[in-house]
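S.K.: Quick one: the structure is below, questions incoming.
The values are calculated or read from the model by the stated rules, or taken from the named source; none is laboratory data. Values in this document were obtained by computation on a predicted structure and should not be read as measured data. In this analysis, Cβ positions are derived from the backbone assuming ideal geometry, glycine residues included, and neighbour counts consider all displayed protein chains.
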Amino acid sequence: MNWVKQNPGWTMLGSMVGLVLFLWGLGSLIALAPEPIGPAAKEFADGARVTVWLTLIAGLAGIVIGVVAGLGKLSSFLPLRWLCDFYVWLIRGTPLLLQILFVWLVLPDVLPDSVKPSDFACAAIALAVNIGAYNTECVRGGILAVPHGQVEAARALGLSPLQTFMDIVLPQSMRVALPALANNLASLVKDTSLAYAISVSELTMIGSRVQASSYKPIPVFLTTAIIYLTLTTAFTTLTSALETKLDAGRKR
């Protein structure tokens, strides 16, 4: 743990490289296991990759949504603030599974016939919208934590509102919000399992299929749990190292 705190840059690099190597070699590693795990090694590896892609796409989109909605909640333009408040209230007050089903069933009807979103796209959109609502409050809290005196000083130096936000407010607010955002990301890795409800072949769906064909739930779900633990450990280690690096930069 001390090495991680002293070398956050290497820890971040190691986490990313380790995650890539794990996903690359997962099929070969699982293939060494006895039945029913070994014969389904490729399916488990593919399911883990789908889970990671869902996490990355929804996580990045959720950060953008969180920043935009967080700014909207602090806006002096009342209709925009009410809209962002309604968005957060609606998403945080309804189940994620319901949101995934809603996007999956409604989105194809509202889009043109020439545009048919895949099951994966529907799941990614629903997950991004969901985590975006939680990120909104994290970002809003981070922005409010920045001393107002720094904003006034930036304006006194002649910085435009955009420059003030990009150079002064946003970096400090993201540093404050990072622990909560990292927690949301770790939760998102596990929340991707709900995509099984719309037939996305992610890790939980693969485990359910193997269990249904083998009638051996213990080894199947233990394998699934170990893969999830590895993925969440990689993401949390990465975000913890990033948080340490930002803190080190602030102390300097």
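S.K.: Only one of Ala182, Ala177, Ala197, Ala225 is surrounded by fewer than 18 Cβ atoms within 10 Å (Cβ to Cβ), of a type in the set (Gly, Ala, Ser) and either closer than 27 Å to Thr11 by Cα or in contact with a strand residue (DSSP E or B) (Cβ under 6 Å, 6 or more places away or on another chain) (or both). Can you tell me which?
M.R.: Ala225
S.K.: Please find, among Val220, Val200, Val210, the residue that is over 23 Å from Leu32 (Cβ atoms), touching a helix residue (DSSP H, G or I) at 6+ places or on another chain (Cβ under 9 Å) and at pLDDT 90 or above.
M.R.: Among Val220, Val200, Val210, only Val200 is over 23 Å from Leu32 (Cβ atoms), touching a helix residue (DSSP H, G or I) at 6+ places or on another chain (Cβ under 9 Å) and at pLDDT 90 or above.
S.K.: Another question, then. If you check Ala182, Ala177, which single one turns out to be small (Gly, Ala, Ser), touching a residue at least 24 places away in the same chain (Cβ under 8 Å) and within 30 Å of Ser118 (Cβ to Cβ)?
M.R.: So the residue among Ala182, Ala177 that is small (Gly, Ala, Ser), touching a residue at least 24 places away in the same chain (Cβ under 8 Å) and within 30 Å of Ser118 (Cβ to Cβ) is Ala182.
S.K.: Okay, next question. Please go through segment 28-60 and pick out each residue that is under 15 Å from Ala195 (Cβ atoms) and not hydroxyl-bearing (Ser, Thr, Tyr).
M.R.: Answer for segment 28-60, where residues must be under 15 Å from Ala195 (Cβ atoms) and not hydroxyl-bearing (Ser, Thr, Tyr): Asp46, Gly47, Ala48, Arg49, Val50, Val52, Trp53, Leu54, Leu56, Ile57, Ala58, Gly59.
S.K.: Among the helices (runs of 4 or more DSSP H) contained in segment 125-244, which hold 3 or more residues that are aliphatic (A, V, I, L, M)?
M.R.: Counting at least 3 such residues, we get 148-156, 170-191, 203-214.
S.K.: Further question: I want to confirm something. Restricting to segment 30-41 and keeping residues that are assigned to a helix (DSSP H, G or I) and touching a helix residue (DSSP H, G or I) at 6+ places or on another chain (Cβ under 8 Å), which single residue is surrounded by the most Cβ atoms within 10 Å (Cβ to Cβ)?
M.R.: Ala40
S.K.: Something else now. Kindly indicate which of Leu159, Leu101, Leu127 is surrounded by fewer than 18 Cβ atoms within 10 Å (Cβ to Cβ), in contact with a helix residue (DSSP H, G or I) (Cβ under 9 Å, 6 or more places away or on another chain), modelled with pLDDT of 95 or more and not polar (S, T, N, Q).
M.R.: Result of the check over Leu159, Leu101, Leu127: Leu101.
S.K.: Given Val200, Val189, Val220, Val210, which one is touching a Pro at 6+ places or on another chain (Cβ under 6 Å), touching a residue at least 60 places away in the same chain (Cβ under 8 Å) and aliphatic (A, V, I, L, M)?
M.R.: Just a single option satisfies the conditions, and that option is Val210.
S.K.: Exactly one condition in (1) within 24 Å of Met174 (Cβ to Cβ); (2) assigned to a helix (DSSP H, G or I); (3) of a type outside the set (Asp, Glu) is false for Leu21; which is it?
M.R.: That leaves (1) as the condition not met.
S.K.: Continuing with the same structure: Take the residues in segment 70-105 that are polar (S, T, N, Q) and under 20 Å from the mean Cα position of the chain (by Cα); name whichever of them is nearest to Ile198 (Cα to Cα).
M.R.: Here the answer is Gln99.
S.K.: Assess whether Lys116 counts as being modelled with pLDDT under 95, surrounded by 14 or more Cβ atoms within 10 Å (Cβ to Cβ), basic (Lys, Arg) and over 17 Å from Leu74 (Cα atoms).
M.R.: So Lys116 does not fit the description; no.
S.K.: Does segment 106-115 include one or more residues that are within 26 Å of Ala186 (Cα to Cα), in a helix (DSSP H, G or I) and more than 18 Å from the chain's Cα centre (by Cα)?
M.R.: Scanning segment 106-115, I find no residue that is within 26 Å of Ala186 (Cα to Cα), in a helix (DSSP H, G or I) and more than 18 Å from the chain's Cα centre (by Cα), so the answer is no.
S.K.: So, one more: Out of the residues in segment 13-29 that are out of contact with any helix residue (DSSP H, G or I) (no Cβ under 7 Å at 6 or more places or on another chain) and aliphatic (A, V, I, L, M), which is nearest to Ile206 (Cα to Cα)?
M.R.: Leu29
S.K.: What do you reckon, is Gly132 out of contact with any Ser or Thr (no Cβ under 8 Å at 6 or more places or on another chain), touching a residue at least 24 places away in the same chain (Cβ under 8 Å) and closer than 15 Å to Gly70 by Cβ?
M.R.: Yes: the conditions hold for Gly132.
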